[in-house]
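Below is one structure, written out as structure tokens; the observations come after it.
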Amino acid sequence: MAEKNITHYHMDKMVRYLFIFVFLISATVLGFHIKNSSGCSTVLFNTDAENYSVGEAIMFNDLTIDAEKWQWAFGDNTSSFQKSPAHYFEKPGAYDVELIVNGSCVGVQTVEIKEAVKVLDSTKFPVFDIPQSVRVGESLVLKDETNNASTWEWRFGETPRIDDNNRTATYVYKEPGLYTVKLIVNGDVEYMTKKKINVLEPKEKVSVLEKRKKRRKKVKDWGVKEFPEGYTGGKEDGTDKNEPPKPITAPAITTKNFERMLLQVSEGNKTALDFKRYFCGDITKSVVVNQKTMSFSVLCQKIANKNIKIKSLIIDKQKGTNCINNISLVYKRTIF
């Protein structure tokens, strides 16, 4: 009977120990992963308000189920490891706040931070009374009644300059229009009082001769002709001296040049008076500015010494006289 070949397999003890060790390590890692990944599939957190400002403390609250560890990143290079930290932002803007729960689960929310609103003390504003209107050429006298005031800066709106530095200020307007009178006391620009005044056209002066004519008694009409028949009254040149005067005309100006002049007003190099001839003398005509109606003189005050950029300009002129009837302007303020 033939011998059968029998092969014996023998496993070394060190190999078996190595296999058991690797198995235990793998089971430990798997168990740790399962423990840390369970119970936080969705990371939830909220805050204690809807609107926030710079410097205002914000409380962040974690709502995640089975959360044991927290790591907050507030989007401004700061962090926290508390469950419900309080945080404030130093600058306005949108910040992505990130929360990592149990070292692996992540949740992100965006927080909008606005500029801090400063509350002003109403008792610190300058106090003065102003009439509703005054006429061109009349003296407007205003007196400040603010307590503990030592310096004054009066601006009457006709120019961007300071017009008076006394407690009692006197000013005479040269052009009609709606103006804003501004007063700053003790150099505190934040506490500036502004009041409107309507400057009317000057009263028509009546000459002494016209006054005498009004006082004359009516003379009975005897039917005597003032001039003999055939008298032409000096029409030798064929013109009628009683012919009404020709209408006032304005010089031509292009839209581009008008725009340049407005930019010069914003730079403080021109005023509304420089446009007077293009409006045939009436710079109080209503214009449409950024969909709002105001007088042209008020527009010049509004943009004086302010950086602006003109987006569109439309000029409406009267046929025959070339006088500007209206303008439509769209502009915006710029930083530089």
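The values are calculated or read from the model by the stated rules, or taken from the named source; none is laboratory data. Everything quoted here is computed from the prediction, not taken from an experiment. A quick note on method: Cβ atoms are made from the backbone with ideal geometry, for glycine too, and the neighbour counts reach across all protein chains shown. For the accessible areas, the whole protein counts, side chains as well, though only heavy atoms, and no ligand, DNA or RNA atoms are used. Shrake-Rupley method; radii C 1.70, N 1.55, O 1.52, S 1.80 Å.
Just a few scattered comments:
- 3J(HN,Hα) along the range 99-106: 10, 9, 9, 6, x, 9, 8, 10 Hz, from the Karplus curve 6.51 cos²θ - 1.76 cosθ + 1.60 with θ = phi - 60°, whole Hz, x for Gly and Pro.
- Residue-level accessible surface for MET294, protein heavy atoms, 1.4 Å, Å²: 30
- Estimated at the nearest 10 Å², the accessible area of ASP48 is 90 Å² with a 1.4 Å probe.
- Amide H contacts of GLN318 (H built 1.01 Å from N, under 5 Å, at least 5 apart or other chain): CYS323, ILE324, ASN325
- Probe 1.4 Å, protein heavy atoms only - accessible area per residue of the range 51-124 in square angstrom: 64
- THR146 long-range amide H proximity, modeled H, under 5 Å: VAL127
- Descending principal axes extents, the range 53-112, alpha-carbon based, whole Å: 33, 17, 16
- Members of LYS194/LYS285; LYS196/LYS332; LYS256/LYS292; LYS195/LYS311; LYS114/LYS143 lying beyond 28 Å, as alpha-carbon distances in this model show: LYS195/LYS311; LYS114/LYS143
- Along the range 293-310 the Karplus relation, 6.51 cos²θ - 1.76 cosθ + 1.60 evaluated at θ = phi - 60°, assigns HN-Hα couplings of 9, 7, 6, 5, 5, 5, 4, 5, 5, 5, 9, 4, 6, 10, 6, 10, 10, 7 Hz to successive residues, with x for each Gly and Pro.
- For the range 168-180, putting each phi into the Karplus relation 6.51 cos²θ - 1.76 cosθ + 1.60 with θ = phi - 60° gives couplings of 9, 10, 10, 8, 10, 6, 9, 10, x, x, 9, 10, 10 Hz, in residue order, rounded to whole numbers and with x for Gly and Pro.
- Amide N of the range 132-172 lying under 20 Å from the label point, which is placed 7 angstrom from the Cα of GLU190 along Cα→Cβ: 146-153
- Test item: Cα-centred dipole of the range 259-313, Lys/Arg +1 and Asp/Glu -1 on Cβ, debye: 120
- Residues whose amide H lies under 5 Å from that of ARG135, counting only those 5 or more places away or on a different chain, are LEU200; hydrogens are built 1.01 Å from N in the peptide plane.
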